[in-house]
1. So which of 44, 107, 8 ends up being surrounded by 10 or more Cβ atoms within 10 Å (Cβ to Cβ) and not in a helix (DSSP H, G or I)?
2. Which one of 50, 64 is surrounded by 10 or more Cβ atoms within 10 Å (Cβ to Cβ), touching a helix residue (DSSP H, G or I) at 6+ places or on another chain (Cβ under 7 Å) and either among the β-branched types (Val, Ile, Thr) or modelled with pLDDT of 95 or more (or both)?
3. Which of the residues spanning segment 71-94 are surrounded by 10 or more Cβ atoms within 10 Å (Cβ to Cβ) and among the basic types (Lys, Arg)?
4. Among the numbered conditions (1) assigned to a helix (DSSP H, G or I); (2) surrounded by 10 or more Cβ atoms within 10 Å (Cβ to Cβ); (3) not charged (D, E, K, R), tell me where residue 27 comes up short.
Amino acid sequence: MNSNSNKVNRVESYRAMIAGLKANVAATASIGIQGAGVTQSVIVDTLQAYVDAVAAVAPAQSAYEEAVAKQDQAEAAAHPMYLDAKGYALKMFGKQPTVLGTFDLQVPVRKEPSAATKAAAAAKRKATRAVKQAASAATAETPAPAAAGSGATTAPKA
């Protein structure tokens, strides 16, 4: 059984216990619960508090899910607009740090690539050039097919 059906069963059991206590036990009667004397009204109030709390969860969860859906929808509309406005501000005021500060932006600073990045780029560049040179050499070695109408004909075999 899942926890939801357990909760439903528990609520129904608590409601039945509340009804039984109210119908069969005096409100001032003391019942021994967990080693202490507890009145019927305290037991009923405690059980009813749980029933009420469970009943309050579904509308609260529904309201929460609705609020999250609205938030997601608002973000979907707002974020692209923010990015475009940020791009505009950087383009228009990119060299004015005080003005960019009013947008909570900073002047973009180009980061110098690390030595490892430079070495990797040089290795890729060298490999690309080697592949292109090899492809170009292979193309130059392949003879071009004879053009149609070049005068070179072969006689049909008889």
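The values are calculated or read from the model by the stated rules, or taken from the named source; none is laboratory data. Every value quoted in this text rests on a predicted model; they were computed, and no experiment measured them. Cβ coordinates were reconstructed from backbone atoms using ideal geometry, including for glycine residues, and neighbour counts include every protein chain displayed.
1. None of the other options fit; the residue is 107.
2. 50
3. 86
4. (1)
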